[in-house]
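What follows is a set of notes on a single structure, which appears directly below.
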Amino acid sequence: MTLRVSPPDAFALTPIAAELETLSEVSACWETRLQNFWRCSAGSQMTNDKFAMRLKNLLFWIAALLAFFLDQLTKYWVVQTFSLGQTQALLPGVFHFTYVTNTGAAFSLLAGKVEWLRWLSLGVSLALIALASFGPVLHLWDQLGYGFILGGAIGNGIDRFVRGYVVDFLDFRVINFPVFNLADVFINIGIVCLLIATFQKTPTSNRR
């Protein structure tokens, strides 16, 4: 007995062909999406690299802005809240808020020298901005140190140019210390950061 195999029915193969065509379209669609994804990723990486280059020494700028804005906000609050010479004890006999003016440098040094101190503040500020903008990428502690010094220098410099004096209000009476402000604090914090950077860069002697 001879078996006769009939050819496949064209109508029966139509759904299979349609499914294969759909799978092919889906595959092509995903391939296109993946290509677009990698192109976008590469473009995003290039954008991030350019952004990072433009924000060289990022910690420097963050430290400078933080020091400047905190200094100016606290001075504004003192001027609006206190009358000149008024004091408010937080820890009586130890720490007060006392509104005074200072025509000298930090901690009332060089009193009456506001004319050339304002230009000194400007010169220091411009030099630090140039260092961060056009110089090499700085060490972390260098960035913080120079940034805090810049913020403090600009804060006191603006006072000298606009008011003709610096607003001071932090009054430690337990040690009879001159009244100062946050700009002075940040300048000294910046100096400490630079000292830390110097110690870290100091080569250690070879161990035998």
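Per residue of region 176-190, what does 6.51 cos²θ - 1.76 cosθ + 1.60 with θ = phi - 60° give for ³J(HN,Hα)? Whole Hz please, x for Gly and Pro, Karplus curve as stated.
Values per residue, Gly and Pro as x: 6, 8, x, 5, 9, 9, 5, 4, 4, 4, 5, 4, 6, 4, x Hz.
Grab the other residues whose beta carbon is less than 12 angstrom from that of residue 151, score K and R as +1, D and E as -1, and report the net.
-2
In square nanometres, what is one fourth of the surface area of the convex hull spanned by the alpha carbons of region 147-204?
Its Cα hull, projected and averaged over all orientations, spans 5.3 nm².
What does the charge count near residue 93 come to, summing +1 for each Lys or Arg and -1 for each Asp or Glu among other residues with Cβ under 14 Å from its Cβ?
0
I want to check the label-to-label distance for residue 134 and residue 69. Put each point 7 Å from Cα in the C-beta direction and report it in nm to one decimal.
2.8
FYI, it's all coordinate maths here, none of it is from the lab. None of the values given here were measured: they were computed from a predicted structure. Don't worry about glycine lacking a Cβ; one is built from the backbone with ideal geometry, like all the others, and counts go over all protein chains shown.
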